[in-house]
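Any read-out appearing in this document is the output of simple, stated calculations on the displayed coordinates, not a laboratory observation. Bear in mind the structure is a predicted one, so any value in this text is a computation, not a measurement. As a convention, Cβ positions derive from the backbone with ideal geometry for all residues, glycine included, and neighbour counts pool all protein chains shown.
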Amino acid sequence: MSSPASARPWTGAVALVLASSTGGVGQHVRALARGLVAAGVTVTVCGPAATAAQFDFTAVGAAFVPIEIPASPTPADARAVAALRRVLADPVDVVHAHGLRAGLVAALARPAQPLVVTWHNAVLAGGVRGRLGRLAEQLVARRARVVLGASADLVDRAAALGAADARLAPVAAPDLPPAGRSRAAVRAEFGVGPDQPLVLSVGRLHPQKRYDVLVDAAAGWRDRRPPPVVVIAGSGPSYLPLAARISAARAPVTLLGHRTDVADLLRGADLAVVTSDWEARQLFAQEALRAGLPLVATAVGGLPDLVGDAAVLVPPGDPAAVDRAVRELLDDEDRRSELGRRGAARAAGWPAEQDTLDGVLAVYAELTPHRCAGGADAGWG
C-alpha cells in the first residue's frame, strides 16, 4: 500500500457523503475526515443533521452541509439529490460516498467529479425491499469510478454487478480513548460480583445484529452459578422489540443505550459476543481483539478473515451454538486467556487508521493526478 500523504501529497477537495448513521459508518467518516484535514485536504461532509450532531464532523476541521439521507429510500431522496448537486457546484475534486444509501444519492446526482463509493454493508432484506436494494447496488456499482469494499465478499459482489474497478479497502477501527475507570468500577456499575462473568456486545440495535439470538441464548444462562450478566451497548430501531423479548424470556440482559465509554466496558468484561447475520470488519470485533477480550462471533461476511483463529466462530441465527460456545469459554479460563493473547496478536497485524487514510488518498490521487504533487501512486489493488 502506498503512502501519498507523505510522498506525493494530494491537495484537492473532497465531498464525503453518508446517510443516517449511529455506528461504524459515522465513526469511519469522522476518522477519515480528521485524517484528510490533517493531510491538507479540503473536506466537506454531507449527511443528516442528526448524524452530524452525534459525530461532530466540524470538530475535526471539516465543513458540514446537512443533506437528509434516511436509512431507507423515500421520495425525499429527490431533494437529497438536488441538495448534493448544489454542493458539487462548488470546487470539489472527488465525491466519496459511504454506504449504499449515500452511494445511490451520489450516483443519481451524476457528479462531473469522479465518484468513489465505499460499500460497508450487504443487502440482506428480502421481498420488495430486497429487490430495490439489489437494483440500487447495481446502479451504484456501475456509476462509481471505484468501489471500495470493506470485505472481500463486498468486492466480489460489486464486481459481479458490473463495477469497473472494485478493490478491497479494509476499514480500521478508530483507536479508542484510554479507559477512564478500573475494572472493578465498571463491574460495580452493573452489580457484577468478583466471580460473576460479564458478557458484552456493542453495536447498533438493528435486525442485522440479531441481538434476539443473544437474548435467547442468555435466557438459558440463568441456571449457571453465578449467572452471567449480559450488557448490550448501542441504540437503534430494535430497542423496543428487544426489551420486550428480554422481559418475556427473563434473560439476564441489560440494554445500555448509546455509550461513549466502550474502552471501560471492554476493561470490565470477561467475554465479547457478536451475533450478526452479516458484518464486514465490525468495529466492536476489532475493539474486542485489540483489548485482548475473548470473542464469540458469527462466521459471516468478513469476520472469519478478520479474526482468523483468534475467536470462536459459530453459525448465524443459532442460539444453541452461541449458548454452547459461551458456556465452554466461561468454563475454561485457560482457553479465554489463550484467545485473548491470540486476539491481541492478530490485531497487531491489522491496518491502522493511517493505512486506511493513505489508501484513500492514493485512490483520490489516481483519479485526479493533476491535484497530486509530483504524480500519483496506485491505490488499493
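Couple of notes before you dig in:
- Inter-site label distance for ALA53 and ARG222 at 7 Å from Cα along Cβ, in nm: 3.8
- Between segment 268-293 and segment 186-240, the C-alpha centres lie 13 angstrom from each other.
- Magnitude of the charge dipole for segment 252-329, about its Cα centre and with charges confined to Cβ atoms of Lys, Arg (+1) and Asp, Glu (-1), is about 120 debye.
- Counted charge near ALA19, where neighbours are those whose Cβ lies closer than 11 Å (Asp, Glu -1; Lys, Arg +1): -1
- Given [x] 37, 22, 19; [y] 36, 27, 17; [z] 32, 24, 19, the label whose value is semi-axes √(5λ) of the Cα gyration tensor in Å derived from this model: [x]
- Note on the chain: helix-only mean residue ellipticity at 222 nm, from DSSP H runs of 4+ residues weighted -39500 (n - 2.57) and normalised by residue number, equals -12500 deg cm²/dmol.
- Förster radius 51 Å - calculated FRET efficiency between THR11 and ARG341, Cβ distance, rounded to 0.05: 0.70
- Other residues lying with their Cβ under 11 Å from the Cβ of GLY343 contribute a combined charge of +2, Lys and Arg counting +1, Asp and Glu -1.
- Each Lys and Arg contributes +1 and each Asp and Glu -1, all at the Cβ; summed about the Cα centre of the chain, the dipole is approximately 800 debye.
- Share, in percent, of DSSP beta bridges within segment 183-348 that are antiparallel, nearest 5: 5
- This model, with +1 at the C-beta of Lys and Arg and -1 at the C-beta of Asp and Glu, gives segment 1-147 a dipole about its Cα centre of some 400 debye.
- Dipole orientation for segment 183-348: of the candidates PRO194, LEU271, VAL307, PRO194 has the Cα lying most toward the positive pole (charges on Cβ; Lys, Arg +1; Asp, Glu -1).
- One Cα centroid belongs to segment 128-158, the other to segment 336-358; the line between them spans 28 Å.
- Which of LEU84, PRO228, GLY130, positive extreme of dipole for the chain (C-beta unit charges): LEU84
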